[in-house]
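Have a look at the structure below, then the notes.
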Number of protein chains: 2
Amino acid sequence: MSADAEPAPVSAKPPVTLREVAAAAGVSVATASKALNGQGRMTAETRERIRETARLLGFRPNSLAQSLLRKRSFTVGLLTNDTYGRFSLPLMAGVSDALVDNGVSVFLCNVEDDTRLGQLHVEAMLDKRVDGIIATGKRIDRHLPVDLSNLRVPVVYAFTQPDPGAVGLVSDDAGGARLAVEHFVRLGRRRIAHISGPESFAVVHARAQAYRDVLEEHGLPTAEPLLGAWSEAWGHEAVARLFGKAGRVGWPDAVFCGNDQIARGVIDALRERGIRVPDDVGVIGFDNWEIVAEATRPPLTSVDMNLSTLGREAGLALLSLVGGQPAAPGIRKLPCRLVVRQSCGRPPGG
Amino acid sequence: MSADAEPAPVSAKPPVTLREVAAAAGVSVATASKALNGQGRMTAETRERIRETARLLGFRPNSLAQSLLRKRSFTVGLLTNDTYGRFSLPLMAGVSDALVDNGVSVFLCNVEDDTRLGQLHVEAMLDKRVDGIIATGKRIDRHLPVDLSNLRVPVVYAFTQPDPGAVGLVSDDAGGARLAVEHFVRLGRRRIAHISGPESFAVVHARAQAYRDVLEEHGLPTAEPLLGAWSEAWGHEAVARLFGKAGRVGWPDAVFCGNDQIARGVIDALRERGIRVPDDVGVIGFDNWEIVAEATRPPLTSVDMNLSTLGREAGLALLSLVGGQPAAPGIRKLPCRLVVRQSCGRPPGG
DNA sequence: GCGGTAAGGGAAAACCTTTTCCCAACTCAG
DNA sequence: CTGAGTTGGGAAAAGGTTTTCCCTTACCGC
């Protein structure tokens, strides 16, 4: 209203302290503290008067001082060696969301593949008295380059290889692969191929095994998965191998791909050969990387690892650990989800 | 060596305090503090003895207590609107790197487009006594949904619209566009088209203007830029418009695209029409999104905004502000860089 | 009017470190 | 031997909050 109104609380030069609030309200700091925290005994009027004074002065408690005394800082560290890869991103968002809802801030620490850097970050976080640490990475089957096994704060591993005896959360790759292959089976596809990434990845084997299992369960012919790279180019090349022989006899009528980029290469290669998707061949990808899945023609059905849910769960798990609840150690696998777009066609009866 | 060796410093249950170090070394905490910080006067032996004791005990000073006393927490907040978009990612990596090198930790805060959430985060950061804040977003021409204009800590804006009078760093989009178009000119291309994103983006206009300027400077025919969406599909459609008319007369021999996805659509559409890249038409993209630029056939020449450098500069700018150095307010534009791959061909003389 | 109890509020320790000021002892010149 | 200056080191306050324990006052029943 008037020009000399109170400035916005947050803009004051030196932050107002509890002592000042107490002085302004005519009480001791002890009483002021108790009034604001709902502790201690005092008349309702006193409590309200102190609260009002604090509000007017724009008092905000100094977290540093609070953390020093209580043994919690409401701060956790997020350690990753994949800052900014497309997997850890949704995961980090999930972690961050879960924690922020509980008033916890997140230190972001990118350790690359550098043990020294990792050690540095962990020590810095410990010095800053984080309540716990979440470790995440770019590969589910690799350790971070840093030892987190004997810290004095709880640690949760998400989408990275956990230490033995620790709490770990990963996606259920086999389950995700089942989702895809069973979808094909339900649609009446009979000759289902699998094109995947490099042999060195654990997920490649997990998914391939699930692929074989499902086919076997349905008495369908099983072909050896084609393993290569996580690239479009490999998708092209694999198509050349699968669809190279003359005559359509023996051609697959469905291809389950290890990731969306391979799937994109497959779809493009099929189109170049005049093979129609989904009419002649259905295609399913993995990762549900929207920017890719939505740009293929037709848009790609893909397995989503629910990474942001994974991150959220990791955040909550850490929180309960911090709160003293013992969590069952071991690896918990979270389900994937099939996002159906248009690269598989409709069921025969549909 | 032996089984009863000291445990790893970091694994001790209650952290070792300065008091314990002092007691173990037989001095006062004051002396211990001074010994470890290189302050005060004492014999070299005393100092060394205290240091050795601290090392042996695995002493690490409590950052909380330090921060409370000094007025710095060696912590900054990174506020973003685009957690995990592909622009803010390299940017955040740059920020983080620059700061970590200086012993500063980064709070990651995702505010989405939610003013309430933003306010919440800013207050939490202020409570935790961050030394400064870096604001970044997904669009250079939009404000974050939160007011950072009157904080008691310095703020640096990177890749987002700064408040008036603040320090802002952005990419030089016009310069980047010049790089692309001049490259075409140098290669002898004469009929250069421009396909870009939605009109509502400031960068679209900046780049389009630079495009016109360069053509005019070289006396080349200038066509109205085609504005649409940031998608592959739009790249396809734009090609249909530009190359739809029968006969090659009047067809462009170069296309400068507003981003890499458009460029990808353009390249694919050209190939489908039997138009060769780069022989018949050169293509340049924007953003240098490697995963796209390297998957096009041929690989895409693209303008890189050097976002991680931008982030690094933002981090350093904030640091000097925190250190009390007055920084020139206003927007500083950082140069782009052309990453040459194979979608433009070689110069005529080459 | 008195003893007991409950209510309201304050003093002070604690968290851990840094820094200022001070003191004791030693050295050295005169 | 005395006074000044230097050296080595400690006591204590400061930073902002929480919490335990204690004190004062008021009220109640008898």
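The values are calculated or read from the model by the stated rules, or taken from the named source; none is laboratory data. The shown structure was predicted, so the numbers you read here are calculated from the model rather than taken from an experiment. With ideal geometry, Cβ positions are generated from the backbone for all residues, glycine too; neighbour counts draw on all protein chains shown.
Hey, could you check region A:287-311 for residues that are assigned to a helix (DSSP H, G or I) and surrounded by 21 or more Cβ atoms within 10 Å (Cβ to Cβ) and say which is nearest to the other protein chains (Cβ to nearest Cβ)?
A:V292
So which helices (runs of 4 or more DSSP H) are wholly in region B:40-101 and hold at least 1 residues that are within 10 Å of chain A (Cβ to nearest Cβ), within 16 Å of DNA strand D (Cβ to nearest atom) and over 30 Å from B:Y157 (Cβ atoms)?
It comes to B:63-69.
Every residue in region A:143-181 that is among the polar types (S, T, N, Q) and within 20 Å of A:V76 (Cα to Cα), please.
Listed by number, the residues that qualify are A:S149, A:N150, A:T160, A:Q161.
Against the definition (under 30 Å from A:Q261 (Cβ atoms), within 14 Å of another protein chain (Cβ to nearest Cβ) and surrounded by fewer than 23 Cβ atoms within 10 Å (Cβ to Cβ)), how does A:V153 come out, yes or no?
It is false that A:V153 is under 30 Å from A:Q261 (Cβ atoms), within 14 Å of another protein chain (Cβ to nearest Cβ) and surrounded by fewer than 23 Cβ atoms within 10 Å (Cβ to Cβ).
Criterion first (among the small types (G, A, S) and surrounded by 18 or more Cβ atoms within 10 Å (Cβ to Cβ)) does B:G228 satisfy it?
Yes; evaluated as a whole, the condition is true for this residue.
Does region A:1-10 contain at least one residue that is surrounded by fewer than 20 Cβ atoms within 10 Å (Cβ to Cβ), in a helix (DSSP H, G or I) and modelled with pLDDT under 95?
Taking every residue of region A:1-10 in turn, at least one turns out to be surrounded by fewer than 20 Cβ atoms within 10 Å (Cβ to Cβ), in a helix (DSSP H, G or I) and modelled with pLDDT under 95.
Which condition number does B:V249 fail, the rest of (1) in a loop (DSSP other than H, G, I, E, B); (2) within 14 Å of another protein chain (Cβ to nearest Cβ) being met?
(2)
Here is a yes/no grid of residues against (1) within 14 Å of another protein chain (Cβ to nearest Cβ); (2) in contact with a helix residue (DSSP H, G or I) (Cβ under 9 Å, 6 or more places away or on another chain):
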{"site": "A:D173", "(1), (2)": "no, yes"}
{"site": "A:V181", "(1), (2)": "no, yes"}
{"site": "A:L187", "(1), (2)": "no, no"}
{"site": "A:S196", "(1), (2)": "no, yes"}
{"site": "A:C257", "(1), (2)": "no, yes"}
{"site": "A:D260", "(1), (2)": "yes, yes"}
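Please pick out the residue among B:I284, B:I275, B:I262 that is part of a helix (DSSP H, G or I) and either in contact with a Lys or Arg (Cβ under 7 Å, 6 or more places away or on another chain) or assigned by TED's automatic domain parsing to the domain that holds B:V204 (or both).
Residue meeting the stated conditions: B:I262.
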